[in-house]
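Right, one structure below, let's go through it.
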Amino acid sequence: MTVKTLQFRDVSTGSAVVLRPRELVIAGFTGADQESVREHIQELADHGIMPPPHIPIFYRAPVSLLTQDEAIVVSSKESSGEAEPVLICAEDDWYLALGSDHTARDVEKESIPESKVSCPKPVGKSVIPLREAAGDWKNSRIRSYADGALYQDAPLADILPAQEILDSYRKSSGSSTSGLVMFLGTVPLKSKSFEFATHFTAELVKDGAVVLSCSYDIASRSDRTHNQERTETV
């Protein structure tokens, strides 16, 4: 699953945006409200998942996991998506996309870092300039649906601003930003339990209208194979 380029459309101008990803980072526990962060950590604990050593936390993963396909195949029968804003640096410009940190929950119980490379990472095909997204951060909502049922629904401002998360990552890693793709974190589930759906949809909503979306089908392999990829925590 090698990614050479990702193709997006800037919804503000209609122009094409081409990204050659060089680095994939998954940010975790980036909630602006610490009570909500603890709620999400408790969700993990309720499912037997150990909390991270510190927050926020950043996981590097292979860029080959990125996909814009309409369907993904996973090894686990216990996998689920999470709607996440996605920060990208393409052609020296910053944009916000929408994606899903699709994760094998059975693997997550054993190791969060291993779970981050257990599944493909779907990303939508539209973006908005970061400066525009930052201005609308407090006026937007992030939602997801699992097999058509509402799964997540919360203000985007429940997640720390993209620039603040990026600054924190830069301080911890000293990494370059050219070709960066960073999943910025998610919001709590409505149902308080994971849904192992066959279809997942994520939406970024402003003033009742869907601005960005990411939608895909999920199929699981019957013959689960061990994923040889490894992730690095920073």
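The values are calculated or read from the model by the stated rules, or taken from the named source; none is laboratory data. Remember, it's a predicted structure, so these values are computed and weren't measured experimentally. Please note: Cβ atoms are built from the backbone with ideal geometry, for glycine as well, and neighbour counts cover all protein chains shown. In case anyone asks, the SASA skips ligands and DNA or RNA and just uses the protein heavy atoms, side chains included. Shrake-Rupley method; radii C 1.70, N 1.55, O 1.52, S 1.80 Å.
General remarks:
- Formal net charge of residues neighbouring LEU19 (Cβ-Cβ distance under 14 Å; K, R +1; D, E -1): +1
- The slack in the chain from VAL210 to ALA149, taken as 0.36 nm per residue of separation less the alpha-carbon distance, amounts to 20.3 nm.
- Put LYS77, LYS171 in order of accessible area, highest first, and with a 1.4 Å probe you get LYS171, LYS77.
- Once you reduce region 172-189 and region 102-120 to the center of their Cα atoms, the two points are 17 Å from each other.
- A Förster radius of 22 Å, combined with the Cβ-Cβ distance separating ALA71 from PHE196, puts the computed FRET efficiency at roughly 0.90.
- Counting only heavy atoms of the protein chains and using a 1.4 Å probe, PHE196 has close to 100 Å² of accessible surface.
- For the chain, averaging the sequence separation of C-alpha pairs within contact (under 8 Å, six or more residues apart) and dividing by the residue count gives a relative contact order of 29 percent.
- Where a label projected 7 Å from the Cα of SER12 along Cα→Cβ would reach, residues of region 102-137 with amide N under 15 Å: 126-137
- Rounded, prolate or oblate (a/c below 1.5 giving rounded, otherwise prolate when a/b exceeds b/c) for the chain by Cα gyration tensor: rounded
- Proximal charge balance of ASP217 [Cβ under 11 Å; K/R count +1, D/E count -1]: -3
- Count Lys and Arg as plus one, Asp and Glu as minus one, and take only other residues whose Cβ is under 15 Å from that of GLY148; the net charge is then -3.
- Whether region 7-94 is rounded, prolate or oblate, judged on the alpha carbon gyration tensor where a/c under 1.5 counts as rounded: prolate
- Charge dipole magnitude, Cβ of K and R +1, D and E -1 - the chain, Cα centre, debye nearest 20: 380 debye
- Label-reachable residues, region 149-166, where backbone N falls under 17 Å from a point 7 Å from LYS138's Cα toward its Cβ: 155-164
- The residue among LEU204, ALA61, GLY135 whose Cα reaches farthest toward the positive pole of the charge dipole of the chain, with charges on the beta-carbon of Lys, Arg, Asp and Glu, is ALA61.
- Gain upon complete extension [MET50, GLU110; 0.36 nm per residue less C-alpha separation]: 20.8 nm
- When you filter the GluC sites (Glu not before Pro) in region 58-109 for DSSP loop state and at most 10 other Cβ atoms inside 10 Å of their Cβ, you are left with GLU70.
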